[in-house]
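Written out below as C-alpha cells is the structure these notes cover.
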Amino acid sequence: MSAVPSDEVFDVPAVSPLHLVRGSAPGLFWYLTEPTRCALDVSEFVVTRSMLRGAPSGDGHPVLVFPGLGATDSSTVMLRRFLSGLGYQVSPWGLGRNIGPTRRAVDGMHALVKKVSDEHGPVSVVGWSLGGIFAREMARDHPHRVRQVITMGSPYNMSDPVQSRAMPAFSLFSRLHIPREEFPPLESTRPPIPVPATSIYSKTDGIVSWESCVEEPGHRRENVQVSSSHLGYGFNATVLWVVADRLAQAEGTWAPFAAPPGMARMYPRAA
C-alpha cells in the first residue's frame, strides 16, 4: 500500500547531483509571508485569465485532482474549473478533508482511480502537496490506469522531517493513519514511478523545502521551477500553464516542458 513519508529521516542517494540539503527548512520569511503571497497568486490569476485562455486544450481524458494536507476539494475548485474549461473530464477526490493516509482515504483513492479509469480510460492525476505524494503512489500501484502524474509542491523526496513545516499537523492526525508497516518504502530506495512525472516546485515555497519536491530528471520525468507560494500553487498562472501543457501531450508521447514564446522569463531557471 502506499501513503506518505513518515517522520523518519529519509536517506538521499549520494550520487544525486541535486545536492539535497539534509535538514533544511523553508526560509522563515517565506513561511511567514505565505498568506500574503497566496493572496497575490489569486490576484494574479484574475489578471492573467486572458493569457490562460491561450493554454493548450486537452483531448478529453479524465483528470483527478488531489488536495493537500488539511485541505478539501474546495481548495482545488479554481484549478478544476480551469482544466474543465480546457476539455478534460475533471474529478475531485471526494474524500473529505485530507488529514493524511487514513484507511478511508487510502482505500478511497484506489477505488476512485479504478472507477474513473474503468469508465473513461487511463487517468492523469494532479496532486497538491500531500495530494501529490498520494498521486505518485497511485501511479506505482496502478501503472496501467494512471496516464501521468503532476505534483505541485509535493515533498515526496524528503530527507528529513524538518523539510516540511506541515509535519506537526501531519503528526497530529497520525493516530488516525494506517499502520506504519503499510507506509511505502523511502523514495530514495525505489526506482522512478513508471509513468510520466512532472514535479512543479518553487524556491519561495514557505511550507516545504523545494529540495524535497524534486527528483533526478530523466526519461519521462522532470522538475519545473515556478515562483509561487505553497498555498497559491492552485491559483498561480504559471503553475496552471505548466499543468495544462503537460496534460495536453498525446498519450504515449512525452517531451520536457518548454515555456512558450514570450513566457520564458516567467519560469526561473531550474536547479
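Among the residues of the stretch 169-192, which ones are outside any loop (DSSP other than H, G, I, E, B) and of a type outside the set (A, V, I, L, M)?
Kept after step one, since they are outside any loop (DSSP other than H, G, I, E, B), are these residues of the stretch 169-192: 169-172, 174-177, 180-182, 187-189.
If the condition is that a residue be outside any loop (DSSP other than H, G, I, E, B) and of a type outside the set (A, V, I, L, M), then Phe170, Ser171, Ser174, Arg175, His177, Arg180, Glu181, Glu182, Glu187, Ser188, Thr189 are the ones that fit.
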- Arg175 fails exactly one of (1) over 16 Å from the mean Cα position of the chain (by Cα); (2) open to solvent by 20 Å² or more (accessible area, probe 1.4 Å); (3) touching a residue at least 12 places away in the same chain (Cβ under 8 Å), namely (3)
- Note on the structure: Flagged in the stretch 115-154 as crowded, with 24+ Cβ neighbours inside 10 Å and in a strand (DSSP E or B), in numbering order, are Val123, Ser124, Val125, Val126, Gly127, Trp128, Val146, Gln148, Val149, Ile150, Thr151, Met152
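Tell me, which residue of the stretch 195-230 that is of a type in the set (Ser, Thr, Tyr) and buried (at least 23 other Cβ atoms within 10 Å of the Cβ) is farthest from Ala248 (Cα to Cα)? Outline the logic, then answer.
We begin by selecting, within the stretch 195-230, every residue of a type in the set (Ser, Thr, Tyr); these are 198-199, 201-202, 204, 209, 212, 227-229.
When the remaining residues are screened for being buried (at least 23 other Cβ atoms within 10 Å of the Cβ), the result is 198-199, 201-202, 209, 212, 228-229.
Numbers: Thr198: 13, Ser199: 16, Tyr201: 20, Ser202: 22, Ser209: 29, Ser212: 26, Ser228: 22, Ser229: 25 Å.
Across the stretch 195-230, the extreme among qualifying residues is Ser209.
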- Task: List every residue pair whose Cβ atoms lie under 6 Å apart, where the two residues are 6 or more positions apart in sequence or sit on different chains, the first residue falls within the stretch 147-161 and is within 12 Å of Trp210 (Cβ to Cβ), and the second residue, located anywhere, is of a type in the set (Asp, Glu) and open to solvent by less than 10 Å² (accessible area, probe 1.4 Å).
- Result: Gly153/Asp205
- Query: Which one of these does Met158 not meet: (1) in a helix (DSSP H, G or I); (2) touching a strand residue (DSSP E or B) at 6+ places or on another chain (Cβ under 7 Å)?
  - Reply: (1)
- Hey, can you tell me all the residues within the stretch 96-118 that are without any contact (Cβ under 8 Å) to a residue 40 or more places away in the chain and within 24 Å of Arg246 (Cβ to Cβ)? Asn98, His110, Lys114, Lys115, Asp118
- Enumeration of residues in the stretch 204-219 that are of a type outside the set (D, E, K, R) and either part of a loop (DSSP other than H, G, I, E, B) or in contact with a Lys or Arg (Cβ under 6 Å, 6 or more places away or on another chain) (or both): Thr204, Gly206, Ile207, Ser209, Trp210, Val214, Pro217, His219
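Residues in the stretch 231-257 that are open to solvent by 70 Å² or more (accessible area, probe 1.4 Å) and small (Gly, Ala, Ser): how many?
The first filter runs over the stretch 231-257 and keeps only residues open to solvent by 70 Å² or more (accessible area, probe 1.4 Å), leaving 231, 251-253, 256.
Applying the additional criterion that residues be small (Gly, Ala, Ser) yields 252.
Selection size over the stretch 231-257: 1.
Being in a loop (DSSP other than H, G, I, E, B) and closer than 18 Å to Leu69 by Cα is the filter here; which residues of the stretch 83-114 pass it?
Filtering the stretch 83-114 down to residues in a loop (DSSP other than H, G, I, E, B) leaves 86-88, 93-101.
Hits for the stretch 83-114 are Trp93, Gly94, Leu95, Gly96, Arg97, Asn98, Ile99, Gly100, Pro101.
The values are calculated or read from the model by the stated rules, or taken from the named source; none is laboratory data. Worth saying up front: this structure is predicted, and the values here are computed from it rather than measured. Positions of Cβ are backbone-derived with ideal geometry, glycine not excepted, and every protein chain shown enters the neighbour counts. With ligands, DNA and RNA removed, areas are computed over all heavy atoms of the protein, side chains included. Shrake-Rupley method; radii C 1.70, N 1.55, O 1.52, S 1.80 Å.
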